[in-house]
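Worksheet: the structure to be examined is printed underneath.
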Amino acid sequence: MELLAAILHQFTDTAEPFIRAPVLSTIFTILAGFLVYFYGPYWGVRKVPGPPAMPYSDTFLCLLSMVLTSSPFLPRNMVLYSGTLILLIPCSSGQRFHMGRQPLVIVADAELCREVGIKQFKYISNRSIPSPIAASPLHQKGLFFTRDARWSTMRNTILSVYQPSHLAKLVPTMQEFIESATQNLDSKEFTFSDLSLKLATDVIGQAAFGVDFGLSKPKSDHGSLNEVKSKHENDQVQEFINQHIYATTQLKMDLSGSLSIILGLLIPILQEPFRQILKRIPGTMDWKVDRTNQNLSNRLDEIVKNRMNENDGGSKDFLSLILSARESETAAKNVFTSDYISAVTYEHLLAGSATTSFTLSSIIYLVACHPEVEKKVIEEIDAFGPHDQMPTAYDLQHKFPYLDQGTWVWLALGVLAKDRKHFPEPEKFRPERFDPNGEEEKRRHPYANIPFGIGPRACIGQKFSMQELKLSMVHLYRKYVFRHSPQMENPLEFDYGIVLNFKHGVKVHAIKREWSREN
């Protein structure tokens with residue numbers, strides 16, 4: 001045995017150099033392939049200002065920054081934008097960044113925003129699809145992320161529903177829901193962000209789909225009207241809204257997202273294979289999100305099917321317009337297939353509810369923080385006319401004014417909003433800075449403030465949203481003032497997803513104004 005061991009030892013010592021060479025060659029080849037795969041895309045944007053190309057370190061910085069989202073103590077030269085911590089470098093209007101192997105140029109200059117969003121739009125016409133959206137086919141097929149000729153056809157068809165003449169006809173509908181939702185507010189604590197979400201969902205449901213969800217009606221109204229659905233149907237609607245909220249809040253670009261989304265940030269090529277596997281394993285987040293999206297799609301398909309069966313040619317809501325265009329136009333018929341109709345329907349529900357709700361809740365929160373602003377708001381609203389006078393669409397518009405291919409280009413609107421060149425004292429809440437007749441607004445670059453986007457890809461529902469927000473503000477502050485609840489955290493904490501949301505809601509007390517008590 002000792003002789004055999006000696007022979008084997010001698011053989012391995014002799015063979016070791018011959019074995020080591022292929023192993024080292026294989027390791028070298030793998031490392032070289034790794035470097036080419038991850039650093040290849042950097043070459044095309046190497047001249048854009050930014051830190052050395054370190055794809056993984058940049059991505060981990062993005063994920064690590066999520067830990068800081070709840071901290072109000074970020075350095076002044078740092079800003080959190082879409083969940084990404086960005087260092088503001090003086091005299092720099094754009095920065096290079098890397099998410100995995102995906103090069104990303106972040107533009108933080110008003111003139112460059114004009115260049116990207118308008119002048120060079122024909123070269124940068126499609127939106128980038130981040131990993132949370134890549135994991136959700138339902139969101140990919142909406143207008144926001146649709147691409148090329150399909151996007152152009154969809155947009156041209158949908159635009160007609162947002163013409164001023166049509167929006168003017170929606171004022172009474174909006175007013176009816178706003179009055180119904182707010183008639184029984186009292187001084188008890190309540191979560192305003194929940195109420196505003198129900199209100200916005202009801203408004204977009206009626207205006208876009210001709211469906212009365214009945215979410216914002218006071219409890220005393222339920223069961224008292226013929227058109228109110230049965231309790232079982234109301235429960236179904238509430239379940240649908242809960243699923244809608246869950247599906248939206250899970251689209252996060254941080255470590256709280258699903259495993260497939262995290263892999264999409266780090267190694268994009270693995271995202272879809274892992275999503276297909278994980279969505280079949282009960283209990284995983286991918287499984288829950290997939291089931292939720294399926295339920296949402298089924299519910300939306302049901303709404304679309306019912307509307308098609310009704311065949312109401314006189315209806316002018318969003319869904320009817322799409323269905324009519326599909327029947328009369330060959331191009332629209334090829335574009336608006338059933339899956340795309342469901343997706344764009346859901347997108348309108350999301351865009352018309354979550355964003356409007358967040359904005360209205362933020363207004364109530366900020367105005368309650370600043371009594372001097374509240375006083376100006378009330379004076380302006382009271383000066384409009386009698387308290388029972390409903391503003392027209394005209395009134396709301398005029399009397400209450402306020403690289404290489406494949407490289408992603410993001411407009412850093414959050415960074416622009418903190419640029420002291422355009423917004424002196426950006427940390428202060430001063431609504432008058434947006435007065436179109438004020439000197440500050442006249443001096444400001446026209447694209448320094450673009451909350452609805454820019455160019456052809458700008459939000460098509462901007463006027464609809466502003467009309468609903470102004471109408472809500474007029475009605476609310478005619479009757480109430482709001483005070484923060486002691487139970488509400490300060491400062492507010494946020495959830496950063498595809499739509500910005502409150503982590504714990506906006507909790508306030510509604511206090512009736514003196515004249516309102518007398519009536």
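Laboratory data are not the source of any read-out in this text; all were calculated from the coordinates shown. These numbers were taken from a predicted model, which means no experiment stands behind them. In this analysis, Cβ positions are derived from the backbone assuming ideal geometry, glycine residues included, and neighbour counts consider all displayed protein chains.
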Can you classify the range 341-469 as rounded, prolate or oblate using the Cα gyration tensor, where a ≥ b ≥ c are the square roots of its eigenvalues, rounded means a/c under 1.5, and otherwise it's prolate if a/b beats b/c and oblate if not?
oblate
Under 23 Å Cα-Cα from residue 217, which lysines qualify once same-chain neighbours fewer than 8 residues away are excluded?
169, 188, 198, 229, 231, 470, 479, 507, 512
Could you calculate the FRET efficiency of residue 434 with residue 379 from 1/(1 + (r/R0)^6), where r is the beta carbon distance between them and R0 is 30 Å, rounded to 0.05?
0.95
Residue 485 neighbourhood, Cβ < 14 Å, K/R = +1, D/E = -1, net charge -1
Expected sort for 102-110, 481-489 on mean C-beta neighbours within 10 Å, highest first, is 102-110, 481-489
Straight-line reach check, residue 428, cutoff 19 Å on alpha carbons, 8 or more apart in-chain or any other chain, hits among lysines -> 375, 376, 418
Using only the alpha-carbon atoms, what does the range 434-498 span along each of its principal axes? Please give whole angstrom values in decreasing order.
41, 33, 25
Peptides 123-131, 164-172 ordered by average Cβ neighbours within 10 Å, highest first
123-131, 164-172
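Which order, highest average first, do 256-262, 430-436 follow once you tally other Cβ atoms within 10 Å for each residue and take the mean per peptide?
256-262, 430-436
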What distance in nm lies between label points placed 7 Å from Cα along the C-beta direction at residue 339 and residue 150?
0.8 nm
Pull up the cross-link candidates among the lysines for residue 252, meaning alpha carbon to alpha carbon under 22 Å and not fewer than 8 places away within one chain.
141, 279, 288, 503
